[in-house]
Amino acid sequence: MVNTKVALSGLVLDNPVIPASGTFGYGHEFAELYDINILGSFSFKGTTREPRFGNEPPRIAETASGMLNAVGLQNPGIDRVIGEELPKLRKVFHKPVVANISGFSVDEYAQCCERIDKEEQVGLIEVNISCPNVHRGGMSFGTSPESAAQVTKAVKAVTKKPVYMKLSPNVTDIAAIAKACEEAGADGISLINTLMGMRIDLKKRAPVIKNVTGGLSGPAVFPVALRMVWQVYEAVKIPIIGMGGVTTAEDVIEMMLAGATAVEVGAANLVDPFASKKIVEELPYVMERLHIENLTDIIGGAHNG
Amino acid sequence: MVDTVFEIAANREIAKNTYEMVLSGETGDIRPGQFVNLKLEGFYLRRPISVCDYGEDSLTLIYKVVGRGTRYMSGLCKGAKIDALIGLGNGYDTSVSGGRPLLIGGGAGVPPMYALAKKLISEGKNPAVILGFNTKDEVFYEEEFRALGLDTYVTTTDGSYGIRGFVTDAMDMLPLRGDPTSPLPLPAGAGRAERKSYSYFYTCGPEPMLRAVYDKSVTSGQFSFEERMGCGFGACMGCTCRTKYGHKRICKDGPVLVKEEIVW
Ligand SMILES: Cc1cc2nc3c(=O)[nH]c(=O)nc-3n(C[C@H](O)[C@H](O)[C@H](O)COP(=O)(O)OP(=O)(O)OC[C@H]3O[C@@H](n4cnc5c(N)ncnc54)[C@H](O)[C@@H]3O)c2cc1C
Ligand SMILES: Cc1cc2nc3c(=O)[nH]c(=O)nc-3n(C[C@H](O)[C@H](O)[C@H](O)COP(=O)(O)O)c2cc1C
Ligand code: FES
């Protein structure tokens, strides 16, 4: 028997597979399809202080081996997530969940995290400082080490739960930003969010997405994500949740060899609603084939010395 | 929602750039107005297509070639396998139709009207149907609707076949309640306002057509909408629209919306 358990800042997961924020809602659509308790955990839809409609449609475009989205953080707001979504989730998911939090000011991040700190169901807070879709906030916090550190400090001051800062790949030096978060007290780093891109409709001669730009994800970004996980692993000591294009159990292993302790699966859930389940089920077989007994042994295993 | 691998039993061109694909495999629970989401080899996102007809072990889709994905579909041969998520969306509610529902389909919006017509007939109702196309070469399924015994009106924008104009022009031509050719008798003492030619309506087609139908219609009705989708089953918030009753996901809370809730 292989051992798929991993630990994120004291939070032990049965396996490293975590559906990524924004691709798994608040769990219900998938709980109707399979027992989501087989997952390591899952990261719920990016939640903000106020309810948000998000961007005007169209919000989705297809790309080679991937997709663009400009959902723009549509969510019911922190009050309803705590008052309605979490109680509903309790009935179908019995493990600690990852709370993905977004904001448009340092205060907003802190207020949301303070509220979520009191929720027993939440095992870890993933602070999204990287959403490229919202004009006023998101992007800017994740693109400079100073503002990333500022958010980290503000959030750490209001919660005892592990805080993982989710980084944007749309930067020149991802390692510097990860380091700034670590120094500001972050318990871990989550990466990558989507890469900014666009498509043009040839017949309409206009951008496909109303917002003009959207975030690229899916297998197309896997090598970029892997490279960034690798660089961050070399720069920090805190654990990393790696993501970007993960589709198979082999991809999970590859991310872990680059330095990830756990792995999130995003767009793959949208095109195959059973993708995360399949990855969880295949993982032990792939481990056996690769002679891996304990998954934790391979974290960062591709870095020599 | 169910994930099924179908075998293609037939795939043929039935009108200009328009194909009918028959799939065999288990269909489970399906309602008219629902859609399937097809996984195509070499394309990342699935393609949503309405259910045109269904039985216990077969499913008929009609699609128009408009881009690379639908072009790829048109090249698929009998015997090929295709992965589909089926039973997606809310579908049409037939319980509110009254005895003389009107079905209005435009172009690629015609297919869902067929399964709906069959369902309404099985419930003992007597639907009429208006099928709108751009031109004669694009007309399909007129015979199939007539074979169900429906009063069938075909319009073409250029007048090359049937009634010249839009589906809304055909709406003007329907026999009013109480007319000799209308199946709806006029109740004693009914006023002019009650002489409606239909009891309710269902429509699917391009958005400008839906809007025109909305403005023209004299009863309540249901509209089927399209939006670009990430998942098709409610997980990604990629297809959200505003309604008078709050935000709705076209793929899960739709694609069918009732007239009273629509915000244009
Ligand atoms: C609920 C629903 C039911 C539909 N039913 C039918 C049907 O019965 N018959 C039919 O011919 N067409 C139907 N369509 C439209 C059909 O999905 C598109 O024509 C098809 O996806 C185009 O794919 P493509 O690769 O050929 O075009 P491309 O333009 O190359 O596609 C690129 C991307 O845009 C998406 N896209 C393009 N046009 C549309 C559209 N109109 N709606 C949603 N996504 C789109 C594609 O899915 C793909 O992800 C339906 C759409 C929806 C949302
Ligand atoms: C439709 C969609 C919505 C997303 N929404 C969020 C979000 O609300 N918060 C967040 O931190 N990341 C969000 N993401 C980013 C993913 O969590 C993930 O970081 C990214 O998609 C890369 O992984 P993937 O290639 O496996 O999809 C979203 C991604 C998609 C595709
Ligand atoms: S397409 Fe994903 S929620 Fe509708």
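Just so you know, all these numbers are worked out from the coordinates, no wet-lab data involved. It should be emphasised that the depicted structure is a prediction, and the values quoted were computed from it without experimental measurement. Backbone-built Cβ (ideal geometry, glycine too); neighbour counts: all protein chains shown.
Taking Lys and Arg as +1 and Asp and Glu as -1, the other residues whose beta-carbon sits under 11 Å from that of B:Glu144 total -2. Let a ≥ b ≥ c be the square roots of the eigenvalues of the Cα gyration tensor of chain A; is it rounded (a/c under 1.5), or, if not, prolate (a/b larger than b/c) or oblate? Rounded, since a/c falls under 1.5. Among A:227-235, A:30-38, A:199-207, B:44-52, sorting by the average number of other beta carbon atoms lying within 10 angstrom of each residue, highest first, gives B:44-52, A:227-235, A:30-38, A:199-207. Note on the protein assembly as shown: helix-only mean residue ellipticity at 222 nm, from DSSP H runs of 4+ residues weighted -39500 (n - 2.57) and normalised by residue number, equals -6500 deg cm²/dmol. A rounded overall shape is assigned to region B:2-88, the ratio a/c of its alpha-carbon gyration tensor axes (a ≥ b ≥ c) being less than 1.5.
How many angstrom lie between the Cα centre of region B:208-264 and the Cα centre of region A:24-62? Going from one Cα centre to the other spans 21 Å.
For every other residue with a beta carbon closer than 10 angstrom to the beta carbon of B:Tyr63, add +1 if it is Lys or Arg and -1 if Asp or Glu, then tell me the sum. That sum, taken over residues with Cβ under 10 Å, equals +1. Dividing the Cα radius of gyration of the protein assembly as shown by its Kirkwood radius returns 1.04 for Rg/Rh.
Between amide H atoms placed 1.01 Å from N, distances below 5 Å from A:Arg52 occur with A:Asn75, A:Gly77, all of them 5 or more places distant or on a separate chain.
Each pair of Cα atoms in region B:99-211 enters the Kirkwood radius, and Stokes-Einstein at 25 °C and 0.890 mPa s then converts it into a translational diffusion coefficient of 171 µm²/s. Compactness of region A:1-96 is given as radius of gyration and Dmax, 15.5, 50 Å, from Cα positions. Local charge for B:Lys244 was computed over the other residues whose Cβ lies under 11 Å away, with Lys and Arg +1 and Asp and Glu -1, and equals +1. Dipole check for region B:1-139: with +1 at the C-beta of Lys and Arg, -1 at the C-beta of Asp and Glu, and the Cα centre as origin, the magnitude is about 480 Debye. Across region A:1-136, the mean sequence separation of Cα contacts (distance under 8 Å, 6 or more residues apart), normalised by length, yields a relative contact order of 23 percent. Mind checking which aspartates and glutamates have their C-alpha under 20 Å from A:Lys153, skipping anything on the same chain fewer than 8 residues away? Of all the aspartates and glutamates, those that pass the test against A:Lys153 - Cα under 20 Å, at least 8 places apart if same chain - are A:Asp107, A:Glu108, A:Glu114, A:Asp117, A:Glu126, A:Glu182, A:Glu183, A:Asp187.
Distance between the C-alpha centres of region B:66-118 and region A:241-259: 38 Å, rounded to the whole angstrom.
Taking a ≥ b ≥ c as the square roots of the eigenvalues of the Cα gyration tensor, region A:240-305 is oblate, since a/c reaches 1.5 or more and a/b is not larger than b/c. Once C-alpha pairs closer than 8 Å and six or more residues apart are averaged by separation and normalised to the residue number of region B:94-224, the relative contact order reads 28 percent. The orientation-averaged shadow of the Cα convex hull for chain B, equal to a quarter of the hull surface, comes to 14.0 nm². Within straight-line reach of B:Lys78, meaning a Cα separation under 21 Å, sit the following lysines at least 8 residues removed in sequence or on another chain: B:Lys16, B:Lys39, B:Lys64.
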